[in-house]
Structures are given as structure tokens and as C-alpha cells.
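This report refers to the structure that appears directly beneath it.
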Amino acid sequence: MIRVLRARIQQGFRTVDFPKSEPEMPDRFVGRLTVDSDRCRSDCMDCAAACPTDAISPKVGEAKTKIDFGRCLFCSECVRACPEGAVTATRDYRMAVRRREDLLSDGKTLRLAEALDARLKKLLGRSLKLRQVSAGGCNACEADVNVLNTVVFDLGRFGIQFVASPRHADGLLITGPVTKNMERALKKTFDAVPEPRIVIAVGACAISGGPYVSHPEARNGADSTVPVDLYIPGCPPHPYTILDGLLRLLALR
């Protein structure tokens, strides 16, 4: 027992102070992209040509460049391709939104997620139980969701927990593009969650299909099969991006 207490004292307190204080992001972190369209040439499409998922869409003759953060993989290829330096990557990790169309940005602003309506928030109280569904992803998003359960992030302190059965859940957290083979399983899992229920799409695959968009075996995201209440972009989203979105949904930010 003495050895256990000594080890605990040596390890100290490891849970982050988020959301009371802003996190220090890693040096290699790529956050929300911004576009200074005033610097774009009307005949330039280099950033769009470099994007592997058609997430950035300038057209010849148009001055404004738009970014679909639901498709963006945050690979920085558009940043490197832009000859004018108009596309830049920030360190802003906050990108979760309530509506799919809010992820279509002019490169300057992004309307962040609002909280659930008062009736549903009152019903949930201080407890949110989620059933995670991997709908054909590569496991990167699942890994960053799983890390929220460690002592560093300690997701349980906010009343958010993952449960094994949809019968015990308030909603689903979906990763992956929803492959053809997972479509029926996802719908059955959704139907098994008691109403009222919420759905959270995590990662570019779950929002738009990501790198698998328009593949004949993929359904291009969760909202092709079930209604989505919260979209969290990224490939994969950083744990702070996921946690920020969940807390905004519960009006804890």
C-alpha cells in the first residue's frame, strides 16, 4: 500500500485544466485553415488542384476561395501549393458545428456549434451516454476518441461516458464513411437507441466520406443514413477538437 501511495504522489496530478485554460497544441498540429482571397489570382487553381478530396474550391474567374471543412484532411497540401501564400494553417482546434452547411467556410469565419435545445439538455441533465460505432474507418478517429477516456482528458468528469449497448445510450458517436456493409448495422444501432437521441459524426470520413468520397462501397458519411446533430471535422480530429465539440453541445463551453 505504501508503494502504491508513493507512486501516486510521484506521478502527481495529470488531468488537464481544459476547458478552464486553453490547451498548448503540438508543434506539428494543423488547425483550421484560413484564406486571404484578396491575394488570390483569378486564374490560379493551384490549391484546388493539390487537394485530394476537392475540399477547396476556387474557380477560374472567381475571386473568392471556399473551404469545405467536412471534406478537409488537414494535410496542408493546399498551403504548400499556394504561390501567393493566401492559404494558411492556424492552430485553432475549435471546429465542431451543428449543421453540415456551417462547415462550408469562406476561409475567414466558422460558425461553431451551439448547445442542444433546453428540453433535451434538461432531459440529459449532467449525463451523456454514447455508443460508439466504427462504420468502416481506419481506426485513427477511434484512437483519438479513446484517448479522451485516459486520465489526461478524463472525459467522465463532464458526465460523458461510452456504453456497450445502444439500449443504454443517449446517442451515437460515429466514425468512418459508412461502408455498404455497415449501413444496415448503423441503422439498426440507431433504431435501438431510445428517443430522444443524438448523433455525432467524428472525422472527415463520417462527415463526407473523406478520402473514400464517392467510392461505390462508401455512403459518403453518417448523414446519408441517420440524422446528425454534431459534426466534428479532422483526419483524425485532435482530442481537444472532439472534446471542445462535445462540451459545446452540452453548453459547458
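Some notes on this structure:
- Accessible-area ranking of H168, H215, H238, largest first, probe 1.4 Å: H168, H215, H238
- Alpha-carbon gyration tensor eigenvalues x 5, square-rooted, for the range 1-90, Å: 44, 12, 10
- This model, with +1 at the C-beta of Lys and Arg and -1 at the C-beta of Asp and Glu, gives the range 73-195 a dipole about its Cα centre of some 480 debye.
- For the range 72-139, the set of trypsin sites (Lys or Arg not before Pro) satisfying both a DSSP loop assignment and a count of at most 13 other C-beta atoms within 10 Å is given as R91, K108, R111, R126.
- Just so you know, the Cα atoms of the chain work out to an Rg and Dmax of 19.5, 73 Å.
- Per residue value of the accessible surface for the chain (all protein chains in place, 1.4 Å probe), Å²: 52
- Dipole orientation for the chain: of the candidates M182, C82, T150, T150 has the Cα lying most toward the positive pole (charges on Cβ; Lys, Arg +1; Asp, Glu -1).
- Rounded to 5, the percent of DSSP beta bridges in the chain classed as antiparallel: 35
- Only protein heavy atoms count here; on that basis, with a 1.4 Å probe, M45 has an accessible area of about 80 Å².
- For the chain, the longest piece that avoids every one of the GluC sites (Glu not before Pro) found in DSSP loops with at most 16 other C-beta atoms within 10 Å covers 115-216.
- Exposure of K66 as accessible area (Å², to 10), given a probe of 1.4 Å and all protein chains: 120
- Descending Cα extents along the principal axes, the range 140-253, whole Å: 41, 30, 22
- For q = 0.24, 0.27, 0.29 Å⁻¹, Debye-computed log10 I/I(0) when each Cα of the range 162-226 counts as one equal scatterer: -0.94, -1.10, -1.20
- Isolated Cys residues of the chain, judged by Cβ distance under 4.7 Å to other cysteines: C40, C44, C51, C72, C75, C82, C138, C141, C205, C235
- Solvent-accessible area, 1.4 Å probe, carbon plus sulfur percent, for the range 119-253: 50
- Nearest 10 degrees, 0 to 90: helix 239-249 Cα axis against the chain principal axis: 80
- The range 73-133 - Rg (one decimal) and Dmax (whole number), Cα, Å: 17.0, 52
The values are calculated or read from the model by the stated rules, or taken from the named source; none is laboratory data. Quick caveat: nothing in here was measured; it's all calculated off a predicted structure. Backbone-built Cβ (ideal geometry, glycine too); neighbour counts: all protein chains shown. Just the protein is used for accessible areas: all its heavy atoms, side chains included, with ligands, DNA and RNA removed. Shrake-Rupley method; radii C 1.70, N 1.55, O 1.52, S 1.80 Å.
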